[in-house]
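Q: First, the structure itself, so that you have it in front of you.
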Amino acid sequence: MTAKIIDGKSLAAQIREEVKSEVEKLKSEKGIVPGLGVILVGENPASKVYVRNKARACEHVGIYSETIKLHEDISEEELLNNVDKLNNREDIHGILVQLPLPEHINSEKILFAISPDKDVDGFHPINVGKLTTGEETFYPCTPSGIIEIIKRQGIEIKGKEAVIIGRSNIVGKPVAFLLLHNHATVTICHSRTVDLPKVAKRADILIAAVGKPLLVTDEYVKPGAIVIDVGINRIKKEDASEELLNWRKDAFEKRGSTLVGDVDFLKVKEIAGYLTPVPGGVGPLTVAMLMKNTLLSAKRFAQVK
Ligand code: L34
């Protein structure tokens, strides 16, 4: 069996088109343009790419966006001031502070300072609480992107065995709740899980979100399962295997490195039913779901259903 490779870019483009037409409607009917404020601290090259992708997507769907670039050495207090300014602006409906933040800053403190009504990342404890009880709120973008990927393959989640590898607050835990609300039987695995391959192999829906390059091999995968790869790991040429060097020849020649997921793509595609690639899988969905959340926030402020 060879897996269907899921094209995250085209799914994201579909979602963007849906958001775009709703944004146009909100503009023409209510005169409201959704606005997103993104705060980027420091010079992390991956964060810069992701934030640029978010700004581009906003432009595409007609959302106003502002990226506030702050110096690596900024104090916690100054960063909080910047968050507060966005909290108080009427033209900004969504606020996002790109993670990771520099070591000297308490990320929790910053995320908790974002108004829960503008928290399009869904990281504020009020919104985390609502997610766990199943109330409508902003759901974190990567987890809700994963649910969209599964549903848009025409796969029913109800009654399925879902196994998540990774228990982070950003992906593992929230995606577990979303799958549970969709009536999957959910298992969360982590570094202390005994016999991980055996547990993973139970899954009809397997989600890898640990940040360990190529961890999930064919031994972890039940034939026909849908495998969602959330990991984004940059591998330098000197650390790459012979197989990877051949497979990603172009990337290594151009940049001296390549991106791989937590899933050993070449092995797993021979056994899975569906598989997301890295790049071009979950990443673009994360950005698309942010557009959806920002639109939702603007509609809420305008009290539009
Ligand atoms: N606050 N911080 C906050 N919210 C988030 O939702 C994120 N995340 C994660 C990191 N920090 C965050 C993102 O935005 C991961 N993430 C993210 C966003 C976009 C992409 C990947 C991760 C993305 O566009 N990926 C593309 C291109 C990858 C590349 O060329 O480097 C892809 O095809 O995977």
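Q: First check a/c for segment 138-197, with a ≥ b ≥ c the square roots of the eigenvalues of its C-alpha gyration tensor; if it is under 1.5, answer rounded, and if not, answer prolate when a/b is larger than b/c or oblate otherwise.
A: Because a/c hits 1.5 or more and a/b fails to exceed b/c, segment 138-197 counts as oblate.
Q: If I compute solvent accessible area with a 1.4 Å probe over the protein chains, what percent of it on the chain is carbon and sulfur?
A: 50
Q: Separate question: Work out how much length Gln303 to Arg234 would gain on full extension: take 0.36 nm times their residue separation and subtract the Cα-Cα distance, in nm to one decimal.
A: Extra length from Gln303 to Arg234 when fully extended: 20.5 nm.
Q: When ligands, DNA and RNA are left out and all protein chains stay put, how many square angstrom of accessible area per residue does the chain have with a 1.4 Å probe?
A: 49
Q: For a quick check: with amide H placed at 1.01 Å from N, whose amide H comes under 5 Å from Leu70's, ignoring anything fewer than 5 positions away on the same chain?
A: The answer is Leu40, Val41, Gly42.
Q: Just the number: Rg to Rh for segment 1-96, Cα atoms, Kirkwood Rh, two decimals.
A: Using Cα coordinates only, the ratio equals 1.08.
Q: For Gln14 and Arg202, compute 0.36 nm times the residue count separating them, minus their Cα-Cα distance, and round to one decimal in nm.
A: Computed gain between Gln14 and Arg202 is 64.5 nm.
Q: Which of Leu296, Ala251, Ser241 sits farthest toward the positive end of the charge dipole of segment 222-305, with +1 on the Cβ of Lys and Arg and -1 on the Cβ of Asp and Glu?
A: Result: Leu296, furthest along the dipole toward the positive end.
Q: Return an integer: the convex hull volume of the alpha-carbon atoms of segment 1-53, in Å³ per residue.
A: Normalising the Cα hull of segment 1-53 by residue number yields 101 Å³.
Q: What residues of segment 266-281 lie in the reach of a label at Glu242, counting those whose backbone N is under 20 Å from a point 7 Å from the Cα along Cα→Cβ?
A: Residues 266-268 qualify, since their backbone N sits under 20 Å from the label point.
Q: Follow-up question, since we're still on this one. If you project the alpha carbons of segment 57-122 onto the principal axes, what extent comes out on each, in Å, largest first?
A: So the three principal-axis extents are 36, 21, 19 Å.
Q: Ok, one more. Placing unit charges on C-beta atoms (Lys and Arg positive, Asp and Glu negative, everything else neutral), compute the dipole magnitude of the chain about its Cα centre in debye, rounded to 20.
A: Using Cβ point charges on Lys, Arg, Asp and Glu, the chain gives about 740 debye.
Q: Still on this structure, please answer the following. Nearest 10 degrees is fine. How inclined is helix 282-301 to the longest principal axis of the chain, computing both from alpha carbons?
A: Helix 282-301 and the main axis of the chain meet at about 30 degrees.
Q: Determine ³J(HN,Hα), in whole Hz, for all residues of segment 20-29 in sequence, where each value follows from phi through the Karplus function 6.51 cos²θ - 1.76 cosθ + 1.60 and θ = phi - 60°; x replaces Gly and Pro.
A: 4, 5, 6, 5, 4, 5, 4, 5, 6, 8
Q: Placing unit charges on C-beta atoms (Lys and Arg positive, Asp and Glu negative, everything else neutral), compute the dipole magnitude of segment 223-305 about its Cα centre in debye, rounded to 20.
A: Charge dipole of segment 223-305: 700 debye, to the nearest 20.
Q: Counting only GluC sites (Glu not before Pro) that are in a DSSP loop and have at most 16 other C-beta atoms within 10 Å, tell me the longest site-free stretch of the chain.
A: The segment 157-269 is the longest one with no such site.
Q: If you don't mind, there's one more thing I want to ask. Using every pair of alpha-carbon atoms in segment 218-305, split the distances into 10 Å bins beginning at 0 and state the percent of pairs per bin, rounded to integers.
A: P(r) over segment 218-305, rounded to whole percents: 16, 33, 26, 14, 9, 2.
Q: If you don't mind, another one. Residues with amide H under 5 Å of Ile165's amide H, sequence separation 5 or more or different chain, H placed in the peptide plane at 1.01 Å from N; which?
A: Cys189, Ile207, Ala208, Ala209
Q: As a test of the definition: which semi-axes, in Å, follow for the chain when you take the square root of five times each eigenvalue of its alpha carbon gyration tensor? Largest first, please.
A: Sorted largest first and rounded, they come to 32, 23, 19 Å.
The values are calculated or read from the model by the stated rules, or taken from the named source; none is laboratory data. All figures in this text were calculated on a predicted structure; none of them were measured in a lab. Here Cβ is always computed from backbone atoms with ideal geometry, including for glycine, and neighbour counts include all displayed protein chains. Areas reflect the complete protein model, heavy atoms only, side chains present, ligands, DNA and RNA absent. Shrake-Rupley method; radii C 1.70, N 1.55, O 1.52, S 1.80 Å.
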